[in-house]
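Have a look at the structure below, then the notes.
The values are calculated or read from the model by the stated rules, or taken from the named source; none is laboratory data. From a predicted model like this one, the values you see are computed outputs, not experimental measurements. In this analysis, Cβ positions are derived from the backbone assuming ideal geometry, glycine residues included, and neighbour counts consider all displayed protein chains. Accessible surface areas use protein heavy atoms only, side chains included; no ligands, DNA or RNA. Shrake-Rupley method; radii C 1.70, N 1.55, O 1.52, S 1.80 Å.
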Amino acid sequence: MIDIEIQQLILLVAFVILKRGKITSWEAITKFRATRLSDIIYKMRKRGYAVGGKWVRYNRQRYMVYTLEK
């Protein structure tokens, strides 16, 4: 069984993706104090969410942007 806190984070991340269209690890850290967005995304995919990701480069930094696929 999934922990209540993880379930809440999954719902929060899903809400942000639906509202904004995307989420990054930095947004998850600053909004929800969730430092393991990749784990939350993994659990969302296991529950049937169609979450896609794309690597983005900005100022010699590389990070993943997650979106919901249709």
| request: For segment 10-60, enumerate the residues that are in a strand (DSSP E or B) and under 21 Å from Lys70 (Cβ atoms). | output: Ile23, Thr24, Val51, Gly52, Gly53, Lys54, Trp55, Val56
| said: Quick test for you: out of Arg36, Arg60, Arg45, pick the one residue that is modelled with pLDDT of 90 or more, more than 12 Å from the chain's Cα centre (by Cα), open to solvent by 100 Å² or more (accessible area, probe 1.4 Å) and charged (D, E, K, R). | reply: Arg60
| message | Here are the criteria: (1) in contact with an Asp or Glu (Cβ under 9 Å, 6 or more places away or on another chain); (2) surrounded by 11 or more Cβ atoms within 10 Å (Cβ to Cβ). Tell me which single one Arg20 does not satisfy. | response | (2)
| field | Pairs with Cβ under 7 Å, 6+ apart, first in segment 27-44 and at negative phi, second of a type in the set (S, T, N, Q) and open to solvent by 30 Å² or more (accessible area, probe 1.4 Å) | value | Ile29/Thr35; Leu37/Ser25
